[in-house]
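To start, the structure itself, in structure tokens.
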Amino acid sequence: MNINRRSFLAAGALSASAFALDTQADPLAPDNGLSINGLIIAKEPRVSAKLLKDAGTIPNSRLPVLLYQEALTLPKDDPATAIETLLHKQGWGNDWRNGIFTYHHYHSTAHEALFVFSGSAKVQLGGESGPTETINAGDVIIIPAGVGHKNLGASSDFHVVGAYPPQQNVDMNYGKPEERPRVDENIARLALPQTDPVFGKSGPLLEHWRPAKS
């Protein structure tokens, strides 16, 4: 079932507490210190990639989870709007603001990018036996369809902007056995993003998420 994430969040489902550009450089160039509404993209963020195998009830993915640490220097005033402006410029959308669910869940109809604009959280990836990552303001985590994620604990000011590639609408799955093989079929049909949500037409996502060889 597809859901409107913004409406879903507005209903209080999470427990975590047309735009004008102010660009000083080409917004599709990854290495020039782009500034949008006071937001600055790091020239060389620390990027880690984690490949998570099928966990049984949670399918996970052949694509790695990507964590861009300290990818963004955030403006003091309204960092969420600056992030949304960047996302729209790079072709991602259907965005929302809130936190991360405190139970294991995953999406089969959309890849998801989470931009932390305040606070920090400890997130478990891939299911009950999966690794954990701490994400902080200025970090970006990109979660392939199928990969489980859960908020294990967050600061009181933790908030993210979430977004998806064009024409991808998020669904909700919880690791129940009856979800498969439907979700596997959804994931197999899902297109890869054509742009990196931070860097646009180039960037780590396009390097790590290459099409599978036939």
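The values are calculated or read from the model by the stated rules, or taken from the named source; none is laboratory data. Just so it is clear, the model here is predicted, and its values are computed rather than measured. Cβ coordinates were reconstructed from backbone atoms using ideal geometry, including for glycine residues, and neighbour counts include every protein chain displayed.
Side notes on the structure shown:
- Test: residue in region 89-103 that is in a helix (DSSP H, G or I) and touching a Phe, Trp or Tyr at 6+ places or on another chain (Cβ under 9 Å): yes
- Residues located in region 152-187, provided they are within 18 Å of the chain's Cα centre (by Cα), over 20 Å from Pro197 (Cβ atoms) and polar (S, T, N, Q): Asn173
- Scanning region 165-182 for residues being under 19 Å from Ala113 (Cα atoms), touching a Ser or Thr at 6+ places or on another chain (Cβ under 7 Å) and outside any strand (DSSP E or B) gives a total of 3.
- Residue within region 123-132 that is buried (at least 19 other Cβ atoms within 10 Å of the Cβ), in a loop (DSSP other than H, G, I, E, B) and either in contact with a helix residue (DSSP H, G or I) (Cβ under 7 Å, 6 or more places away or on another chain) or among the aromatic types (Phe, Trp, Tyr) (or both) present: no
- Taking first residues from region 100-116 that are more than 17 Å from Leu86 (Cα to Cα) and partners that are surrounded by 24 or more Cβ atoms within 10 Å (Cβ to Cβ) and hydroxyl-bearing (Ser, Thr, Tyr), the Cβ contacts under 8 Å between residues at least 6 apart in sequence or on separate chains come to Ala110/Tyr164; His111/Tyr164.
Matching residues to (1) in a loop (DSSP other than H, G, I, E, B); (2) charged (D, E, K, R):
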| residue | (1), (2) |
| --- | --- |
| Asp157 | yes, yes |
| Val160 | no, no |
| Ala163 | no, no |
| Glu185 | no, yes |
| Leu206 | no, no |
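- Test result for Ile143, aliphatic (A, V, I, L, M), under 12 Å from the mean Cα position of the chain (by Cα), under 18 Å from Lys53 (Cα atoms) and at pLDDT 95 or above: yes
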